[in-house]
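The values are calculated or read from the model by the stated rules, or taken from the named source; none is laboratory data. Computed from a predicted model, the values in this text were never measured in an experiment. Glycine also receives a Cβ, built like all others from the backbone with ideal geometry; neighbour counts cover every protein chain displayed. Just so you know, the surface numbers come from the protein's heavy atoms only, side chains and all, with ligands and any DNA or RNA stripped out. Shrake-Rupley method; radii C 1.70, N 1.55, O 1.52, S 1.80 Å.
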Amino acid sequence: LKMSNSDEKAAILRKLVESGEYERLSNKLETQLLESDWYDTVRNEIRQSLKSNPNVNYETIRSQLESHAVELVPDATKIELLKDLKAFLDSSI
C-alpha cells in the first residue's frame, strides 16, 4: 500500500519528533540564524515595512516578508540542515 505525499510527510515528522531529532535540528537552525544575524535582518525589514505603512497588520507583514525571509537564510545553513535531515532519513529507513 503506497502512502500519499501528505502521509509520508506526517510519518517523517512523527519520526523526527519521537527521536528528538526535530528539536535538535530546530535548535541548530536557531543558533545558526542568530550567528548569521538573520533575526536582525528580518527585524529591520519588518521595521521598514511598518515605517512605510504604520497601519499594517501582522498577517499582511507575514505574507509580504515570509518568502523573502526564507531566501535570507544563508545557503550554508540550508545545505547543512538538509545534509543532517538526509542522514537522519537514511539511518531511519
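Of note:
- Any hit, segment 65-73, residues being among the polar types (S, T, N, Q), open to solvent by less than 70 Å² (accessible area, probe 1.4 Å) and free of Cβ contacts under 8 Å to residues at least 40 places away in the same chain: no
- When the residues of segment 29-57 are filtered to those that are out of contact with any Ser or Thr (no Cβ under 9 Å at 6 or more places or on another chain) and in contact (Cβ under 8 Å) with a residue 24 or more places away in the chain, the one that is farthest from A76 (Cα to Cα) is E45.
- Out of K2, K86, one residue alone is outside any helix (DSSP H, G or I) and over 14 Å from the mean Cα position of the chain (by Cα). It is K2.
- Test set (1) in a loop (DSSP other than H, G, I, E, B); (2) touching a His at 6+ places or on another chain (Cβ under 8 Å); (3) not aliphatic (A, V, I, L, M) - N55 fails condition number: (2)
- Condition broken by I79, with the remaining ones in (1) surrounded by 11 or more Cβ atoms within 10 Å (Cβ to Cβ); (2) among the β-branched types (V, I, T); (3) in a helix (DSSP H, G or I) satisfied: (1)
- Filter pass, S26 being over 19 Å from the mean Cα position of the chain (by Cα) and either farther than 25 Å from L89 by Cβ or open to solvent by less than 60 Å² (accessible area, probe 1.4 Å) (or both): no
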